[in-house]
Number of protein chains: 2
Amino acid sequence: MKSFKIALAQFSPHIGNLEANAQKMLEQANEAKKQHADLIIFPELSILGYPAEDLLLRPSLNQRTQQAFEQLREIKDIVLVFGFVNETEDGQRFNSAAVMKDGNILGIYNKQNLPNYAVFDEKRYFDEGHQHLVFEYLGHKFGVLICEDLWSLPTVQQLAQLNVETALVLNASPYEVGKPQHRVQTMTELAKQLHLNVVYVNQVGGQDDLIFDGTSFVINQAGNVALQAPTYQEGLFYAEYDAAQKHFKTAEISPALDTLAEIYQGLVLATRDYVQRSGFPGVILGLSGGIDSALTLAIAVDAIGADKVQAVMMPYTYTAQISVEDAAEQAKTLGVTFGIAEIHPIVNSFMQTLYPFFGNSPSDTTEENLQARARGTILMGLSNKFGNLVLSTGNKSELAVGYCTLYGDMVGGYAVLKDVYKTIVFELAKYRNSIADTPVIPERVITRPPSAELRPDQKDQDSLPPYEVLDAILYAYIEEDQSQEDIISKGFERAMVEKVIQLVDRNEYKRRQGALGPRISSRAFGRERRYPLVNGWKAGI
Amino acid sequence: MKSFKIALAQFSPHIGNLEANAQKMLEQANEAKKQHADLIIFPELSILGYPAEDLLLRPSLNQRTQQAFEQLREIKDIVLVFGFVNETEDGQRFNSAAVMKDGNILGIYNKQNLPNYAVFDEKRYFDEGHQHLVFEYLGHKFGVLICEDLWSLPTVQQLAQLNVETALVLNASPYEVGKPQHRVQTMTELAKQLHLNVVYVNQVGGQDDLIFDGTSFVINQAGNVALQAPTYQEGLFYAEYDAAQKHFKTAEISPALDTLAEIYQGLVLATRDYVQRSGFPGVILGLSGGIDSALTLAIAVDAIGADKVQAVMMPYTYTAQISVEDAAEQAKTLGVTFGIAEIHPIVNSFMQTLYPFFGNSPSDTTEENLQARARGTILMGLSNKFGNLVLSTGNKSELAVGYCTLYGDMVGGYAVLKDVYKTIVFELAKYRNSIADTPVIPERVITRPPSAELRPDQKDQDSLPPYEVLDAILYAYIEEDQSQEDIISKGFERAMVEKVIQLVDRNEYKRRQGALGPRISSRAFGRERRYPLVNGWKAGI
C-alpha cells in the first residue's frame, strides 16, 4: 500500500476528430507524468467525444478507434483510464472505458446503465454491459463506472461490495442550472453511504446545444470534498491519496459560481466553442437597442473578443432614436465594428411588389414580418460576403410563444439566448454590468419597456402578459409539464393561460426551423423536447 | 369451430387527438358489424396515433386513454383489437394492444420488441413486455403481436408454439420504396415456416415526415395471400375464415403499385395530410419554370385540388423568357392561381443598402442568395397575408450538397421533394405526364438542362457533376454508409467524390433549419440521420 497521485483530465474533445483528441490526451498524459501522477483519468468516450450521435454508426469508427489506441500506446509509466467505443467481433457496441498501462490494455469496462431520456439517446447506439471492472494498482483497489452508472444505486452497491476503495467515474454530464452543485451533494451522500471514494471527471466544452461544465471532483468516503475543479475550464487537476491516512488529501477547491455567473459563463463557453470549432472567423449580429441583442453582443465579445464581432443597427420608421443611440453607445463601449443599414427602401420595394397581391387589405403582422425579414437578409448577406456567423438574439420566452419572425429575426447559426427566459435576460444584463467598471450594456436598455418596434409605440406587454407572469406560466408548462388546468388552479387567469399554451403549441413549427442554442435548463427547445408538428393534442387536463 | 369474418381497419389517426380517434374507431366498428364482422383489428397505438413522440410523456395521457376506452365500451357484439398506451400503477409504460368485447377487456398484450434505430425511438418511451397473449374465440386460437415483434423470429416462434392458428398483428410501419412488397414477401415465408396465418393491419396516412402506406394483408399458413388492401387508402377490408377448409378465403387483392406510382402517390398523401391536418386553407409555392417546382405543383394539385393552390413566378435578370412561359403554361394547364412578382427593385434596394459594406468586392454567391431570399420573403409575405402554407420545392440532391439558399428557396413549411433525388424527380415528372391525357408538366421543363438561373447562362452541371453521377455518389454515401475511399474504389473520380462528400458534411447546418418533407428512402434527411453540427470527423476510410 502506498500513496499515489491521480490526474483528472477535465477534457474538451473535438467531436469526431479521434486523431486530434488522442493527440491531446497524449499531451495531457505526458504533462501529468511530469507532475508525477500515477494515473490519469479522462471523461466518458474521450477519444470520440460526446455526444457523437450517428457518427457512432459509421462503419470505420472501429478502425479509427484502433488508430487512436496506437497513438495512446506510446505513453509509458502512467496508467490511463479513458473512454472509447468498444465494437466487439459479435457485432455489439459498448460505451466503454479502457485501463491502459505501457501500451497494454489491462481491462475494459462496458457501461451498464444507458440513459435514453431527455437529451440522451444511448440505447440507439449502445448495448448494455453486465460486468464490473475492478483492478488493483499501487496496493489500492479501483473500480470503474461511466456516468449514468453512478446514479444507479444497485450498480454502485455491487461495486462497493467488491471491496473497491475508489470508484473512477468517467462522465459526459451536460450542464443545467444548479447541476454542478447537485452532483457534489448527491455523491457526497453516496460516498458516505457506501464507504467509497469517488473520483469524478467530467467533459468540458460546448457541443452544439449542450454545455459540458466540467466541475470534476474527488470525494472521500468520509464525505469530504478533497478536490473541486472549476466550472467551464479545461485543465489537469490532481488528487493525492495518502495511504497512511487512507484518504485523498484536500487539494484545490474551486468555489461554486453564483447562479447568474454560472449561466453567463456557460453561454460564453458554448458560443466560443460553437464559433471556433465551426471555423468561423467571427460573428455578426443585429443590434436593435433592445436588451436581447445587447446581452448577446456582450456574450459574443466575452466569448471571442471584440475584434471578431460585428454589430449592425437596421432602423426603420418605428425605431426610436434612443434605440439607435443606445446601440451605438454599446458598440462603442465594447469596441466592436458597428454599422447602420437603413431598411426603408427595402421594405418599400417589398410593399410595392406585393401591392398587386395585397390590394387594400389592412396591415397586419405580414408587414411587420417584412421588416424582420429585410433585416435577416441583410445580416445573411453580410455573413455570406465576409464569412462571419450570424448570431440570433431571440430569448426563450419569445421563442416559446412565437413572438419572433421565421427567416427574420430568427436567422442565424447560433441562438445564444434560446434557453434563457426574458426575466433571466434582464438579470444577466445586470449581472454583466455589475462585474465591469464601466457598464457594457447602457442602463436605459435595461430599464425601458421591451418593444419589438414593429409598429408605432408598440410594447411587448401590449400583446403579452408581463414577463414575470408569462415566464411563470411557460416554466410551469414547459419545464414542469403542468397541464393547462393545473396552471389555472395556481391562480393564473384562465384566458391568459389558454392563450399562452395555445401559442406554445402552435409555434412548434417555428422552433423546428430555428437555430441551435445552448441549453441551460432542464427542458430546452432542442433534442429533449420532441413534439409532432401535425398534432391534435388539446390543452386541458 | 365455426367460420368467421375479420375486419382490418386500415386507419389514419390524428396524432394526439384521442377523442376523435376513438370516435372514428367506434364508427368503423359499427360499420364492420353491419358487414357481419366478428372481430375488427386496428393498427398499433391506434387511439393515440404513431409516432406521438413526447406526447407519450404527458402526465394526462393515461386519463385521456381511459376516456377513449369509455367511448369504445359502447360497442357491443364485436371483438375489438386496438392499440393503446398502457401505463401501469407501478410506473411502467407499454406499447400495448387490448382485446375488448362488450365493453370488457379480455386481454392486454405489451409489445416485446421495441425498435430504437433509424426513425424509431421506442425505448425513449416504452418498457418491454415479456408475455404472449393468446385467446380463443369462435373455436379459433388467436395470438397478438405488435409490429417489430413480427420481425423477431424467436418471438413469433414462441407464439406459434402456443398452438396459435392466427396472429393478429397491429402495425405502424412507415413507408419506404419497395417496403409494401418486402413485407408481404417476408411474411409469406414466415407464415409457411411457422404454420401460422398472419393478419397484418397497418396505419395509413402522412405524419410529418413519415408516410404510413397501409397495404395491410392476410396470409394463410399455406403461404397464399388471401387479402391485400390497397396502398395509401383508408378503409375497412374484410377477410373470411372458412372453418371447414381451415383457411382465409381469397378476397380483395389490390395490385402492387409500380415504383414511380408508389412514390408519387405517397408524396401526394403526405402533402395532403400535412396541409389539411395543420389546418391550412391551401398552399403557395414559387414556380420557377424548372422541374422541381413544376413537379411540386403537380403533387400539390393532386393532393388538395387546384382551387387551393397558388403559384407565383418571381423572375429576375437571369430568368429565361422560356421559364416564364413554361411556368405560366403549367399554371394554366393545372388551373391554379398564378401571379408574377418582379424582384428587380427588391434586389436593387438590398444591393444599395449593402453597398457601403460591400464596396467593390466582387460578386459571388452572396448576390445570388439575395435573389433567393427576396423570393422567399415574397412567398412568406403572401403566406402571412392569406394563410396558405408555403411548399418548399428543393430536392434531395441539392439539399445534400447545399445547392440551395437558407431563408431563400428553402423557406416553407413542407418540402415535398426533400427525400427525392434529382434523377427521380425527372422520372416522376415523366410518370405524372404519362397518366394524363394532357401533360401537366410542359415537355420543355423536363428536357432543358437544369439551372438555378442565378447567374447569366448558369447550368447546374457547371458546378456539379451530372445528376446521374452525383446521385450515385450521394446514394452510396447517404443510404449505403459507404466511405469516401469505398466510393472512389468503385470507379468515381477522386476529386469529385471528395468534393461531394465535403459538401454533404458541411451543409448539415442548412438541412437542420430546413422544412420537414416526406420520407421515401431508407435514409432521409430527417429524424433518422442525426449528426452533430460541430463535427471534426474527416472523410476517408
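Read-outs throughout are calculated quantities, based only on the coordinates presented, and are distinct from any laboratory measurement. Just so we're clear, the structure is a prediction, and the values are computed from it rather than from any experiment. For neighbour counting, all protein chains shown are included, and Cβ atoms are generated from backbone atoms with ideal geometry for every residue, glycine included.
Convert each backbone phi in the stretch B:77-88 into a coupling constant with the Karplus relation 6.51 cos²θ - 1.76 cosθ + 1.60 (shift: θ = phi - 60°), then list the ³J(HN,Hα) values in order as whole Hz, x for Gly and Pro.
Per residue, the Karplus-derived 3J(HN,Hα) values read 6, 8, 7, 9, 10, 9, x, 7, 8, 9, 9, 8 Hz.
Nearest-5 percent of antiparallel DSSP beta bridges in the protein assembly as shown?
55 percent
What is the helix-to-structure angle for A:321-334, meaning the angle in degrees between its Cα long axis and the longest Cα principal axis of chain A, kept from 0 to 90 and rounded to the nearest 10?
Value to nearest ten degrees: 30.
Treat each spin label as a single point 7 Å out from the Cα along the C-beta direction, and report the A:Glu493 to B:Asn163 distance in nm.
Between A:Glu493 and B:Asn163, the simple spin-label model gives 7.0 nm.
Let me know the number of lysine pairs in the stretch B:2-145 closer than 19 Å at the Cα, not counting same-chain pairs under 8 apart.
19
Which aspartates and glutamates does B:Lys385 reach when only Cα atoms under 18 Å apart count, and residues fewer than 8 places away in its own chain are ignored?
A:Asp364, A:Glu367, A:Glu368, B:Asp307
Between copies, how far does the label point of A:Lys490 sit from its twins, in nm, shortest first, when each point is 7 Å from Cα along Cα→Cβ?
Between copies, matching label points for A:Lys490 lie 5.5 nm apart.
For the protein assembly as shown, what does the alpha-carbon gyration tensor say about shape, rounded, prolate or oblate, given a ≥ b ≥ c as the root eigenvalues, a/c under 1.5 as rounded, and a/b over b/c as prolate?
Numbers: a/c = 1.57, a/b = 1.06, b/c = 1.48.
Because a/c hits 1.5 or more and a/b fails to exceed b/c, the protein assembly as shown counts as oblate.
Can you compute the modelled spin-label distance between B:Ser361 and A:Lys430, with each label point 7 Å from Cα toward Cβ, in nm?
Distance between the two pseudo-spin positions: 4.0 nm.
Pulled fully out, how much extra length does the chain show between B:Asp481 and B:Ala244, if you take 0.36 nm times their separation in residues and subtract their Cα-Cα distance? Intermediate results must be reported in sequence, preceding the final value.
On the way: separation 237, 0.36 × 237 = 85.32 nm, distance 5.15 nm.
The B:Asp481-B:Ala244 span can extend by a further 80.2 nm.
Expressed as a whole number of Å, what is the distance separating the alpha-carbon centroids of the stretch A:435-464 and the stretch B:1-43?
Each part's Cα centre sits 57 Å from the other's.
Applying 1/(1 + (r/R0)^6) with R0 = 35 Å to the Cβ-Cβ distance of B:Met351 and B:Gln502, what FRET efficiency is obtained, to the nearest 0.05? Don't skip to the end; give the middle numbers.
Working: r = 30 Å, r/R0 = 0.87.
Computed FRET efficiency for B:Met351 and B:Gln502: 0.70.
Run the label-point distances for A:Asp307 please: 7 Å along Cα to Cβ, every other copy, nanometres, shortest first.
6.6
Can you work out the Karplus-derived ³J(HN,Hα) for every residue in the stretch B:206-221? Use 6.51 cos²θ - 1.76 cosθ + 1.60 with θ = phi - 60°, whole Hz, and x for glycine or proline.
Rounded to whole hertz, the list is x, 9, 6, 8, 9, 10, 9, 9, x, 6, 5, 7, 10, 10, 7, 5.
Step by step: find N for chain A, compute 2.2 N^0.38 Å, then divide the Cα radius of gyration by it. What's the final number? Before the final figure, lay out each step's value.
Details: Rg = 25.8 Å, N = 541, 2.2 N^0.38 = 24.0 Å.
Relative to the rule-of-thumb radius for its length, chain A sits at 1.07.
At B:Arg529, label 7 Å along Cα→Cβ: distances to the other copies, nm, ascending?
2.7
Apply the Karplus curve 6.51 cos²θ - 1.76 cosθ + 1.60, θ = phi - 60°, to the phi angles in the stretch A:236-241 and return the couplings in whole Hz, x for Gly and Pro.
Once θ is set to phi - 60°, the couplings for the stretch A:236-241 become 9, 10, 10, 10, 9, 9 Hz.
Using r as the Cβ-Cβ distance of B:Glu19 and B:Lys101, and R0 as 22 Å, what FRET efficiency do you calculate, to the nearest 0.05? Walk me through the numbers before you get to the answer.
On the way: r = 22 Å, r/R0 = 1.01.
E between B:Glu19 and B:Lys101, to the nearest 0.05, is 0.50.
Considering Cα pairs under 8 angstrom that are at least six residues apart, work out the relative contact order of the stretch B:4-257 and quote it in whole percent. Mind showing how you got there, number by number?
Details: 585 pairs, mean separation 48.0, N = 254.
Worked out over the stretch B:4-257, it gives 19 percent.
Tell me the mean residue ellipticity at 222 nm calculated for chain B from its helices only (DSSP H runs of n ≥ 4, each -39500 (n - 2.57), averaged over every residue, nearest 500). Could you put the intermediate results ahead of the total?
Working: 18 runs with 202 residues, N = 541.
Computed mean residue ellipticity for chain B: -11500 deg cm²/dmol.
Please compute the length gained on full extension between B:Ala256 and B:Gln276, using 0.36 nm multiplied by the number of residues separating them and subtracting their Cα-Cα distance.
4.5 nm
Less than 17 Å apart at the alpha-carbon level, and either on another chain or at least 8 residues along: which lysines does that give for A:Lys192?
A:Lys246, A:Lys249
Which FRET efficiency, nearest 0.05, do B:Val324 and A:Ser463 yield, Cβ-Cβ r, R0 45 Å?
Working: r = 41 Å, r/R0 = 0.92.
E(calc), rounded to 0.05, equals 0.65.
Specify the inter-centroid distance of the stretch A:87-109 and the stretch B:265-291, based on alpha-carbon positions, in whole Å.
Computed from Cα coordinates, the inter-centre distance equals 51 Å.
Can you list residues whose amide H is under 5 Å from A:Leu389's amide H, if they're 5+ apart or on another chain and H is modeled 1.01 Å from N?
The list, which skips near neighbours in sequence, is A:Gly282, A:Val283, A:Ile284.
Could you grab the relative contact order for chain B? Cα pairs under 8 Å, six or more apart, rounded to a whole percent.
Details: 1087 pairs, mean separation 62.6, N = 541.
Relative contact order, chain B: 12 percent.
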